[in-house]
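All remarks here apply to the structure that follows.
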Amino acid sequence: MRPKLNIREEVEQLFEKKFQYQKPRNEAWLLPAQKPLFSEFYQYESLQELKQQLNNVKSKLNNYGVQEWSTHTNRRDPSGEISWRLKNETKAEFVTVAWCKFFECLHRYPLIKQPELNTLHLCEAPGAFIAALNHYLHSTYTKEEINWHWRSTTLNPYYEGNGLNEMITDDRFIFHTLNNWLFHRDFTGNLLNVENIEHMRDVCAKDLPAGVQLITADGSIDCSAQPDCQEEIVARLLFAEILSALHILSPSGNFVIKMFTLFEACSVSIMFMLNCIFERVHIFKPATSKRGNSEVYVICLNYQKDTPGLPHLLEAMRSRLAQPNDTMVMPLFAKSQIPNDFLMQHNIACRLFLKLQEEAIESSIYAYESKDRYYLRHLHQLRGVVSSMYYNRYKVRTLPEELCIVQQADINKALGFSVPVYGGSYTEREHLRQGDVLKQIYCLRREFNQLEKCPTGLRSYSHVKLHAKQLQLQPCRGAPIGQLLSSLFASEPVLLLRLRILQTFDLDPLWQTAAKCSLCDGNNHIMRAFDYAPDSPADESTFYKVQRRFFVALVDSLLEQRPAKIVFQAFLFLSHYAASVLLLLAEQIYEETQFENQIITLSGLSTESKALEQLQQLQRLLREDVTDGLDTLHSLLPLQQLHKNPFASALILYNNTVLVSCYRRMLGEEAFPTRFSLEQEQEAATPAINETATIVC
């Protein structure tokens, strides 16, 4: 059935996807009395029926390939032209879909009351909300009027213990605004840790003594493996964001949080709580939010921080969040404590946004299957009308570049290369996940073949010293890294394949490179050789201890034997700890550094007394370091000296080369000589190459 083709109606609907809760005039909604919270599990049958109805519609997408479907919906997104115009015509700073959505929120609701304000942004990577707010402020007020201070937090892309699939690694904005980002005492940026929330509250009280007038929370979790359970999967994160906001937000402040379907009883309790402690609560789906997804933004205005019972409620939420295995799907309040008039309104809101999402999915399926030229022309015309409406309604204008937070040249740098990997449809991914080892190996080999086609490797690089002055040791500390799960010193597609190999074989390529380090005299005779590997399989889960043990032994030997040359062969420098040691040796201790394929050679030992003093200082720092608690050594140098320079670029390519070579050995015929039959190959080849990974290089 062809969707309706009235452009005026579609545009109006696109910009008016909103709902406001109406509080009773005679009897206000109040937080329940101080009875036990999280004490009763229940569901609302009417809302669960809506959930099933939506999942039935979503299941129609199970057999569409991820990338094919994403490309299709992007091309036919009515708001798709807006971000293009903002980037290319308006030259706005750091435009993403998140930028467009928040810019809408700022114009549709009175989130900003005056140009003097402090803001806090939770789960903010890569930083688009901040850039959008900057554009809004300078479009609304003069430069002289604006007195804006902001802080932000997100899972730290510079902390190698955070998983690639859990965070955004794009640090183009973060790197140039590091002083504004809070990664907490453990340096992880993990908001699910209540101690980090308390640390953030204390830092905000110190840095922003005038209080915080606006808090945003744009967090989410990858739910592609369980698309029917998105609301339950993100519940714990939502509680962490709300707990943070209610602790830090100033009286009369505003709060914006991204939520998804609101069918679960835990979400009903959250929405009722927000209505009790904020003067007005709206649900808003911006025109630039993808029509077929479940996201909505809950706009909470005028925080009533003195609400009776609020301290008790926050303490209960804190205690619950402190239990690491609690999924937080238990409703906050008992069923009898939720008023019927609130439930009626909430049910209406859920039905409204369900209808809009169902229509969007059905119309996308129609466009995909029918190839109706008239309908496609209609969509093309609709995109232009929606774009013009966005510009006119929100008075979008170009700002001088000096009003941007970060220079455009730094923001516009390319993210890196993309590699097709096995995405396929949801059905295909489930089939592959349950497949046998031969099928897994076949798919890993095909993925590796795609990776080899990309410019991942390094041939030769001679390091020219970056710093005229002596580098000063400036230790950065945090929680110890048990297992290395990410790195900004290798390309993300290369690291993702490592994780897939590890999941398939329970064998980590990190320890399969046969890494060696040799200390040589002036005649190239080996004075001492080190292997870089765990002492036992149990050691692999204590990456930090293995790394520390190696570098302590290396620096001890350098002071004792004073070798003329150090040769690292197939040695991975993936952590800030290792990279900072290497940079110190290259800049301060040795005269020449050469990267050649899988070998790094440092030669020409410095005879200056300052070099010896620096090496002794390094030895003390490494030896005194602890391997537990929150004060373990993360890096020896400031982050700004380790990234966005020729040394970092060369190190990324070098690490790529070592890892790709290791994958070649692990996935080659020598490792798995069994031949596939024609039938096995056809069966294993079922998943299509349908997903793209991107990384900062």
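Some notes on this structure:
- Residue that is surrounded by the fewest Cβ atoms within 10 Å (Cβ to Cβ), among those in region 38-56 that are in contact (Cβ under 8 Å) with a residue 60 or more places away in the chain and charged (D, E, K, R): GLU40
- For LEU399, the criteria (1) part of a loop (DSSP other than H, G, I, E, B); (2) out of contact with any His (no Cβ under 9 Å at 6 or more places or on another chain) hold in every case but one, which is (2).
- Taken over region 43-70, the residue count meeting the criterion of being modelled with pLDDT under 95 and assigned to a loop (DSSP other than H, G, I, E, B) is 4.
- Boolean, PRO209 is assigned to a loop (DSSP other than H, G, I, E, B) and over 26 Å from SER289 (Cβ atoms): yes
- When region 136-151 is limited to residues that are assigned to a helix (DSSP H, G or I) and of a type in the set (S, T, N, Q), the one that is farthest from VAL95 (Cα to Cα) turns out to be THR140.
- Hey, ILE361 assigned to a helix (DSSP H, G or I), touching a strand residue (DSSP E or B) at 6+ places or on another chain (Cβ under 9 Å) and assigned by TED's automatic domain parsing to the domain that holds MET271 or not: no
- Filter result (over 18 Å from THR216 (Cβ atoms) and surrounded by fewer than 19 Cβ atoms within 10 Å (Cβ to Cβ)) within region 291-304: ASN293, GLN304
- Segments classed as strands (runs of 3 or more DSSP E), wholly inside region 481-590, with at least 3 members that are surrounded by fewer than 18 Cβ atoms within 10 Å (Cβ to Cβ): 526-531
- Taking the criterion of being within 20 Å of the chain's Cα centre (by Cα) and β-branched (Val, Ile, Thr), the only residue of region 452-488 that qualifies is ILE481.
- Selection count, region 434-466, where residues are at pLDDT below 80, closer than 30 Å to SER603 by Cα and small (Gly, Ala, Ser): 1
- Summed over region 178-237, the residues that are of a type in the set (Phe, Trp, Tyr) and closer than 24 Å to PHE102 by Cβ give a count of 2.
- Scanning region 57-66 for residues that are closer than 29 Å to THR427 by Cβ, surrounded by 14 or more Cβ atoms within 10 Å (Cβ to Cβ) and of a type in the set (D, E, K, R) turns up at least one hit.
- Exactly one residue among LEU155, LEU137 is free of Cβ contacts under 8 Å to residues at least 40 places away in the same chain and under 16 Å from LYS258 (Cβ atoms), and that residue is LEU155.
- Among the conditions (1) farther than 26 Å from SER363 by Cβ; (2) crowded, with 21+ Cβ neighbours inside 10 Å; (3) in contact (Cβ under 8 Å) with a residue 60 or more places away in the chain, the only one that PRO286 does not satisfy is (1).
- Considering region 14-27, and only residues there that are surrounded by fewer than 16 Cβ atoms within 10 Å (Cβ to Cβ) and touching a residue at least 40 places away in the same chain (Cβ under 8 Å), the residue that is nearest to GLU264 (Cα to Cα) turns out to be GLN20.
- No other residue among ASN162, ASN118 is in contact (Cβ under 8 Å) with a residue 40 or more places away in the chain, polar (S, T, N, Q) and not assigned by TED's automatic domain parsing to the domain that holds ARG393 apart from ASN162.
- Residue within region 167-175 that is at pLDDT 95 or above, surrounded by fewer than 16 Cβ atoms within 10 Å (Cβ to Cβ) and not assigned by TED's automatic domain parsing to the domain that holds ARG498 present: no
- Residue check for ALA349: at pLDDT 95 or above and not in a loop (DSSP other than H, G, I, E, B): yes
- Filtered residues of region 162-182 (kept if more than 13 Å from LEU120 (Cα to Cα), assigned to a loop (DSSP other than H, G, I, E, B) and either among the β-branched types (Val, Ile, Thr) or touching a Ser or Thr at 6+ places or on another chain (Cβ under 9 Å) (or both)): ASN162, GLY163, MET167, ILE168, THR169, ASP170, THR177
- Within region 85-105, no residue that is not assigned by TED's automatic domain parsing to the domain that holds LEU133 and assigned to a helix (DSSP H, G or I) sits with its Cβ atom under 9 Å from a residue that is buried (at least 24 other Cβ atoms within 10 Å of the Cβ) and at pLDDT 95 or above at 6+ positions apart or across chains.
- From the list LEU605, LEU582, LEU622, LEU630, the one residue that fits, being more than 30 Å from HIS525 (Cα to Cα), in the same structural domain as ARG477 (by TED's automatic domain parsing) and in contact with a strand residue (DSSP E or B) (Cβ under 8 Å, 6 or more places away or on another chain), is LEU630.
- Residue satisfying all of: in region 212-267; more than 22 Å from LYS355 (Cα to Cα) and among the acidic types (Asp, Glu); surrounded by the most Cβ atoms within 10 Å (Cβ to Cβ) among these: GLU241
The values are calculated or read from the model by the stated rules, or taken from the named source; none is laboratory data. Everything numeric in this text was worked out from a predicted model, so none of it was measured. Neighbour counts are summed over all protein chains in view; Cβ atoms, including those assigned to glycine, are modelled from backbone coordinates with ideal geometry.
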